[in-house]
Amino acid sequence: YGVIDGNLVYVYSQDASVLGGSMGEMHAKKIANLYDLAMKTGAPVIGLIDSAGLRLQEATDALNAFGEVYLKQTMASGVIPQITAIFGTCGGGLALIPTLTDFTFMEGKKAKLFVNSPNAVEGNEISKCDSSSAKFQSENAGIVDVVAEEAEIFAQIRELINLLPANNEDDQSYVECTDDLNRASDIAGCVGDTGIALSLIADDHYFFETKRDYAKEMVTGFIRLNGATVGVVANRSEIYGEDGEVSEKFDSVLTVKGCRKAADFVKFCDAFEIPVLTLTNVKGYSATMCAEKNIAREAAGLTYAFANATVPKVNVVIGKAFGSAYVTMNSKSIGADMVFAWDTAQIGMMDAKLAAKIICNGQGSEKIDACAKEYEELQNNVESAAKRGYVDTIIKAEDTRKYVIGAFEMLFTKRENRPAKKHGTV
């Protein structure tokens, strides 16, 4: 155990020079004992992984060792933050260990993460697709939050520890804010790249993004507002590179991976009493045959995560908010405490042109255009939603920071009960 900027943490690190760092009975006992101490004292656990996996010489004792670690991780889930960093091999049953934790870091060149090695996957060979690489696990599997070099990983783990509460009952994860609480931020042009918008809203422009390379159309991460950690979820339709040019573009829709990424993040925030801020700009769901297999399930999972969370929840509609995809994105109807909307936002059933084609079907292009204009003015106008109470306040984009800070300060003492049950089933 030790401290990171005064925060108590527990750390275990596998030594690959001793039997390849393989896990056996006593190896697992040391980790299990560490978890017991961490849960008693309410402090995070950081695991540094470099292991050949199961110690074959110990047979069923080694299998039992895996199970003991799995059990401790399960008991600790939602009680203390768990962070894993992979620096070497993490294969087979060992791959469950980082996946049972909250955040995973992976060294970009030497680290390997897999259940089945790439050559053991039917129809694959490692030169064709290295499914154990950091690139694959961060971009396709969505297990890895950050891919970086060793020194950068340690630095970012330290940053993350400073942002997180020590446990699910600790409310001391605050720092003094020296940034202007009423600072205007010129974010009207950031509707597409909400990663930039969030950094401009945040104290000292600091934004820690999680699962950075996975489902980039959905942004998740942590910022500070008036010194307090806030979890953020935002739709994203474009990414700007360092040269100031758009490097990637996405449709403004909810995707299978995006919903899954956001739902997992909201559940973490709710478990550790971290307030949630959302920036909404969505016009529907991904419409592909592949997405259709899972989009209903994953969108339901995201809806459940937002609706079930009892932490303070604030939503800012920054662009389009159409149909049930908008309802899913932390709307007032599923429990958002405060909803703001930029004066340029649109909230409604669907795009006015599409609505007009349905309403005025067969009546000619001029009639459809007139109908679309009328529909946009009456139905998609953000004032219509505000008049019905679905939006609390219409704001200017540059005032977003002061409004969300004020909302979270007001919600600081929020308490909300749920029906008595063991747990939900979604």
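General remarks:
- The average projected area of the range 1-120, computed from the convex hull of its Cα atoms over all directions, is 7.7 nm².
- Rg/Rg_globular for the chain, with Rg_globular taken as 2.2 N^0.38 Å and Rg from C-alpha atoms: 1.06
- In the chain, the portion of solvent-accessible area held by carbon and sulfur atoms comes to 52 percent [1.4 Å probe, whole percent, DNA, RNA and ligands not counted].
- Whole-number accessible area per residue in Å² for the chain, which is evaluated in the context of all protein chains at 1.4 Å: 47 Å²
- On Cα atoms only, tilt of 25-41 relative to the major axis of the chain in degrees: 50 degrees
- The range 20-179: relative contact order in percent, alpha carbon pairs under 8 Å with at least 6 residues between: 20 percent
- Taking every alpha-carbon pair within the range 357-425, the share separated by more than 14 Å comes to 76 percent.
- Relative contact order of the chain, defined on C-alpha pairs under 8 angstrom at six or more residues apart (%): 10 percent
- Beta-bridge orientation, the chain: approximately 30 percent antiparallel, per DSSP, counting only bridges with both partners inside.
- The H on the amide N of residue 282, modeled in the peptide plane, is under 5 Å from the matching H of 320, 321, 322, each at least 5 residues off or on a different chain.
- Here the Gaussian network model covers the chain, with springs between Cα atoms less than 10 Å apart; of 356, 263, 234, 356 fluctuates the most.
- Note on the chain: GNM, Cα springs under 10 Å; of 125, 374, 242, the largest mean-square fluctuation is that of 242.
- Ordering of 315-327, 133-145, 381-393 by burial proxy (mean other Cβ atoms within 10 Å per residue, highest first): 315-327, 133-145, 381-393
- Table column - 3J(HN,Hα) (Hz), the range 228-240, Karplus curve with 6.51, -1.76, 1.60, x for Gly and Pro: 9, 6, 10, x, 10, 10, 8, 6, 9, 10, 7, 10, 9
- Relative contact order (percent, whole number), the range 79-118, Cα cutoff 8 Å, 6+ residue spacing: 52 percent
- Counting only DSSP beta bridges whose two residues both lie in the range 252-393, roughly 5 percent are antiparallel.
- A simple rule links phi to the HN-Hα coupling: the Karplus curve 6.51 cos²θ - 1.76 cosθ + 1.60 with θ = phi - 60°, which for the range 250-261 gives 9, 6, 7, 9, 7, 10, 4, 5, x, 5, 5, 4 Hz, with x for Gly and Pro.
- Å³ per residue enclosed by the Cα convex hull of the range 1-67: 79 Å³
- Between the range 149-217 and the range 276-318, the C-alpha centres lie 21 angstrom from each other.
- Rounded to 10°, Cα long-axis angle of helix 365-378 versus longest principal axis of the chain: 70 degrees
- Links that overshoot a 24 Å alpha carbon limit, given the list 249/332; 29/267; 257/283; 293/373; 112/267: 249/332; 29/267; 293/373; 112/267
- Looking at the range 210-358, the pairs of alpha carbons with a distance over 22 Å make up 38% of the total.
- Phi-based couplings in Hz for the range 147-153 (Karplus 6.51, -1.76, 1.60; Gly and Pro marked x): 10, 6, 6, 3, 4, 5, 4
The values are calculated or read from the model by the stated rules, or taken from the named source; none is laboratory data. This is a predicted model, so every value here is computed, not measured. With ideal geometry, Cβ positions are generated from the backbone for all residues, glycine too; neighbour counts draw on all protein chains shown. For the accessible areas, the whole protein counts, side chains as well, though only heavy atoms, and no ligand, DNA or RNA atoms are used. Shrake-Rupley method; radii C 1.70, N 1.55, O 1.52, S 1.80 Å.
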